[in-house]
Structures are given as structure tokens and as C-alpha cells.
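Have a look at the structure below before the remarks.
The values are calculated or read from the model by the stated rules, or taken from the named source; none is laboratory data. None of these values were measured; they are calculated from a predicted model. FYI the Cβ positions are ideal-geometry reconstructions off the backbone, even for glycines, and counts take in every protein chain you see.
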Amino acid sequence: MKTKLRTMWNNMKYGWRVKREVNLKLDSATWLLGQCYHNKLTDGPVSQDVSKQLKLDLLSRIWLTYRINFPTIPGTDYISDSGWGCMLRCGQMMMAQALVCHFLNRDWRVVPDQPPEKKHLYKMILRWFGDSLSDNSPFSLHHLVSLGENYGRKAGDWYGPTHAAQVLRDALIQAKRDHSELRNVCMYVALDGIVFKQDVMDLCLRPAERPMSALERDQIPVSNNMDFSKTNPVGQNYSLSSGSVSNTFSSIGYGPDSIPFSEFDESDASFIDPCPSYSNFSPPSFSSFESAWTSLILFVSVRLGNDKINPFYIPCLKSLLAYEHCIGIIGGRPKHALYFIGWQDDKLIHMDPHSCQPAIDMDKEDFSEKSFHSSSIRTMSFTEMDPSCAIGFYFRKREEFEHFVEKFSEITAPMKMNLDYPVFALAEGKRVHVEEVDTPCGYARSSLSHTNSRTDEDDYILL
């Protein structure tokens, strides 16, 4: 009864939402997941075209929100996640953006006259996030909640960015058993703000035809409430390796010409302060390893302050959101999870999951996609951002990741900022070989999270 009353109250609270149009200034640069929209990038008075392109880009991001009347989560009375599932929804949105980049490319736009193959891939991605117990929806809330039990979370609990990232990674590992399309993409979650390069290379450069070892099979998370026992025989390559799935559609571009990163005008000093022009860098070639590389989704869990964000990190966040391989940031305001996808001036552009919509039956071939997109994109001040967050990246090719490593300081510390405590760090070797990290960072940011007995998870508890 308590669960039902709580669900009814949250549904009333989040079920009504005022829709409002995006109202971003065109006389100031707007960065959206590595792409820039600004009048100064054009040769004439085409502000209306720039505005339309920006709005279409915003509209094309997949919006995942609270849902009501979905199949009951096993072992509970929950038929809605309103009031507690916001961080999981934000994680789903960032994962969906990674998969859009992987299968459709960053320039893809949601328009009526899509080629059939693009429409198929788009609906396939949406279906993977459907709210059901079906194996057709490996990233459903139901599957994520079940996997969360491995981390001490249960239905109705609130998640922080780190746990959301971990269950999404585990869901991807499981999904490879039934979805061959996902075999050439893997996910790495960097804890405590440290990316161990050897761990990443080992994950992404596994031999394409090597079957999963017994140890690796044992490490695949198994949910407590659902039957995920359906597997392929050993040797059928459902590991984290590449090689079995064609990238036929992954290189197809579509939609109106968006303003690419490379057209950024360095001569406008007021425009470039926060972000260097990465188009000046020529990535090295690693073509000899191309066939062995598994595309990488990277989530980096960080804490950028104690009770509130340190303003010193704001230019760094701007630089990251302007980076072409960034897929966003999951975090939010204290006790209110959000998915950050861009910025303008001193405002973050975000997608908000706090709207409760009816669940969609994704098993229907002609299900409606309308509720998965919204033009009601909102902004908030950088200074309101909670310091606990996870930054996302997608690297299709090895040279893209190697370029990120090579230019790491320029990307994470714009204008040669002297950061004693960088946003996050790259480390040689493997995490298991490091018992204590004794860098100037400590990686001390993790110790900050324990100040005043406060944890990353506390930031998202809604009372």
C-alpha cells in the first residue's frame, strides 16, 4: 500500500509538465556535444537557419523519462519509477547517445524521411531502452534495477552517477549474448576519476575471434530476479570483441548540415576562451590495429568539489562538452539528476527526466517515438551543478582514443590552466596493480566525498 500511495503521489507530481520552446541566444556560441552553433560561423544573415539546426539537434537527442504502468518490477509493487529513477534515466540517455553515435553517427537527425536502414537502427536503439522484462530491451529500467542488486541497490533506491554507470556497463556485457549488433562495442567505467590506459587497451584490443574464457564468463553479472541464462555456446564469440558485426551503417551521415567543430573561428577571442580548437590537432595513424579495435564507451566518475562545484572546474566542463567525442555528463543539481549535453555562456543545457509518461509497448513494430524526444530543453547555471557526476565519451576508432590520450591536457584543462586537481587523470598500467594512488590529486578527490560523512549517492536522495 505504501508503495502504491507513493507511486500515485509521484505520478501526480511529475505527470504534468509545462512544455516550453528552446530559447537560446544566437548572438552567443552554443555548444552541443561537440558541435557549435553561432552566427559568427556563417557568412551572411542566416540566423534562422542556425536556430533551426540547433533546435533539430536538440530534438534529435533521445529523451528518457519516468514512466507509469509498465510491467511490475519483479519482487516489488512498482509500476512506475517516478520519484526515484531519475539517475538511471539520465544514464540511459547518455548510453543511448553513445549508441546513436555508434550506429548512426553524431550528425544523425530525427526527421520523417529517413532511409529505411536508418529508421530500423533508430527504432532498434529505442527498443533496447523499453520498459519491460524482455531480452529485446537489455537496457530497460527493469534490467538495470536487477543488476543494481549487485551493488546493494534495489527498486525504489536512488542512484548516484557511479552506480548508474556500473549497471549500464553490466547490462551491455549481458546484452552481447542476445544482440550481435552490440558485439563490437564495449564500455569502461573509470572509478575515482582515473582512467587506466592499459585496462582500456586490453578491453578494446581483444582478438576478434577469441572465445570468452571461463574467468570472463564467471565475471558476467547475473541478476537475482530475472533469467538471463540464455547464452550461446562457448566459442560463438559473445565476448567484448569486435569482428563479427559489419559497420555498414555506422559511417552513413544524415540530416541537415550541422556546424562542425572544425569550423570554429579562433580569431574571435571572446568565443574561444573556454575551449581550444581541437581541429588544429592531427591525430596519429594506428591503422595496423584498426581491425582489432572494439569501439569504446567511456564513463568517468568524478567529484569536482565537496558540497558544491569548485568554479575552477567550469572552464574544464565547457571544454569537455565542446569536445567532439564527448557524449555528455550525468549529474544534476543536489537531489535532482539531469543529463547535461551542452552550454551557452554561463548556462548548462540539460535534458530532464522528471516527467512521468505512460509506458510504451516496444514489442509493437509501429510503436510511437514521439514521447522519446522533446524540444523542452532547459538550462541552469554551472554553479548550481552538484559536484558528483560522470563524464561520457565515445571512441569509434583506436586513433580517436590515442588522440584523446595525446591531447588530454588541452582537452581537460583549456588555455593551459594550471590544475593541481584535474577533472580526471590518465594513468599507466592496470587498476588491479595500483593499491594506492599517490598522485598530487590523491586521487584525493575521492577523499573529499567522505567529508562530513557525505557520499556520492546522498546527492540524489529525494524525500
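In the stretch 137-158, which residues are under 27 Å from residue 370 (Cα atoms), touching a residue at least 60 places away in the same chain (Cβ under 8 Å) and in a helix (DSSP H, G or I)?
Matches in the stretch 137-158: 141, 142, 143, 145.
How many residues does the stretch 88-114 contain that are of a type in the set (A, V, I, L, M, F, W, C), farther than 19 Å from residue 300 by Cβ and assigned to a helix (DSSP H, G or I)?
Adding up the residues that qualify gives 2.
Can you confirm whether the stretch 387-409 contains a residue that is within 23 Å of residue 84 (Cα to Cα), in contact with a Leu (Cβ under 9 Å, 6 or more places away or on another chain), modelled with pLDDT of 95 or more and in a loop (DSSP other than H, G, I, E, B)?
The answer is yes, given that some residue of the stretch 387-409 is within 23 Å of residue 84 (Cα to Cα), in contact with a Leu (Cβ under 9 Å, 6 or more places away or on another chain), modelled with pLDDT of 95 or more and in a loop (DSSP other than H, G, I, E, B).
Do the conditions hold for residue 287, that is, is it modelled with pLDDT under 95 and surrounded by fewer than 20 Cβ atoms within 10 Å (Cβ to Cβ)?
yes
How many of the residues in the stretch 349-395 are among the charged types (D, E, K, R) and in contact with a helix residue (DSSP H, G or I) (Cβ under 7 Å, 6 or more places away or on another chain)?
Matching residues across the stretch 349-395 total 2.
Please give the number of the condition residue 186 fails out of (1) at pLDDT below 95; (2) within 29 Å of residue 402 (Cα to Cα); (3) not in a helix (DSSP H, G or I).
(1)
Looking for something under 19 Å from the mean Cα position of the chain (by Cα), modelled with pLDDT under 95 and farther than 28 Å from residue 402 by Cβ - is there at least one such residue anywhere in the stretch 148-158?
The answer is yes; a qualifying residue exists.
The rows are residues; the columns are (1) crowded, with 23+ Cβ neighbours inside 10 Å; (2) over 28 Å from residue 73 (Cα atoms); (3) touching a His at 6+ places or on another chain (Cβ under 7 Å).
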| position | (1), (2), (3) |
| --- | --- |
| 338 | yes, no, yes |
| 347 | no, yes, no |
| 362 | no, no, no |
| 375 | no, yes, no |
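Across the stretch 115-136, what is the total count of residues that are surrounded by fewer than 18 Cβ atoms within 10 Å (Cβ to Cβ) and in a loop (DSSP other than H, G, I, E, B)?
Final tally of qualifying residues: 4.
I'm told residue 169 meets every condition in (1) over 14 Å from residue 144 (Cβ atoms); (2) within 15 Å of the chain's Cα centre (by Cα) except one. Can you identify the failing condition by its number?
Of the numbered conditions (1) over 14 Å from residue 144 (Cβ atoms); (2) within 15 Å of the chain's Cα centre (by Cα), the odd one out for residue 169 is (1).
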